[in-house]
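Down below is the structure, laid out as structure tokens.
The values are calculated or read from the model by the stated rules, or taken from the named source; none is laboratory data. This one's a predicted model, so the numbers in the text were calculated from it and none came from an experiment. Ideal geometry is used to build each Cβ from the backbone, glycine not excepted, and the neighbour counts take in all protein chains shown. Note: areas computed on protein heavy atoms with side chains; ligands, DNA, RNA excluded. Shrake-Rupley method; radii C 1.70, N 1.55, O 1.52, S 1.80 Å.
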Amino acid sequence: MLSAEVFDTVEGLEPYLGGWDELAVRRERPLSAPAWALGWWRHLRPADARLRVILVRDGEQLVGVAPFFAVGHLYAMIGGDFGAAEIVCRPGREEEVGAAVARALAAAEPRPTLIPLRYRSSSPAWPSLLDAGW
């Protein structure tokens, strides 16, 4: 079973930035790379936003990243309307990563009541995968 952890500081994410970048490159998602996502976070985030990046691991291996932020009970992808990131994962692991992200979101504080997702047509069906894992 995969483990998922919600990170609320950039410093906590630092050991995983290389693995996160590798996933974004592999999936051809530059707006999901940590350089873009955390640059947006540092300079463009809403004043009342809280970082909520979910890392999904299989043992020591990073297999998925869901780069969210929260404003109250609204959880959105980092980048917002300016250029939203997407969930990225190792190919073939979408269902289990989706389920792990859903479990982490369901247990997050504050618990999300709205999670708008945007994704390209070539992306996995993350809304369905998260719904199935919720």
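Quick notes on this structure:
- Filter pass, ARG50 being open to solvent by 60 Å² or more (accessible area, probe 1.4 Å), farther than 13 Å from VAL88 by Cα, of a type in the set (Lys, Arg) and within 15 Å of the chain's Cα centre (by Cα): yes
- Residues of segment 17-38 satisfying the condition of being touching a Phe, Trp or Tyr at 6+ places or on another chain (Cβ under 8 Å) and part of a helix (DSSP H, G or I): PRO30, PRO34
- Residue check, ARG27 more than 22 Å from LEU105 (Cα to Cα) and touching a residue at least 60 places away in the same chain (Cβ under 8 Å): yes
For every residue, the table says whether it meets (1) farther than 16 Å from SER3 by Cα; (2) at pLDDT 95 or above; (3) out of contact with any Cys (no Cβ under 9 Å at 6 or more places or on another chain); (4) surrounded by 13 or more Cβ atoms within 10 Å (Cβ to Cβ).
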position: ALA24; (1), (2), (3), (4): yes, yes, yes, yes
position: ARG29; (1), (2), (3), (4): yes, no, yes, yes
position: ILE54; (1), (2), (3), (4): no, yes, yes, yes
position: GLY83; (1), (2), (3), (4): yes, no, yes, yes
position: VAL88; (1), (2), (3), (4): no, yes, yes, yes
position: GLU96; (1), (2), (3), (4): no, yes, no, yes
position: ALA104; (1), (2), (3), (4): no, yes, yes, yes
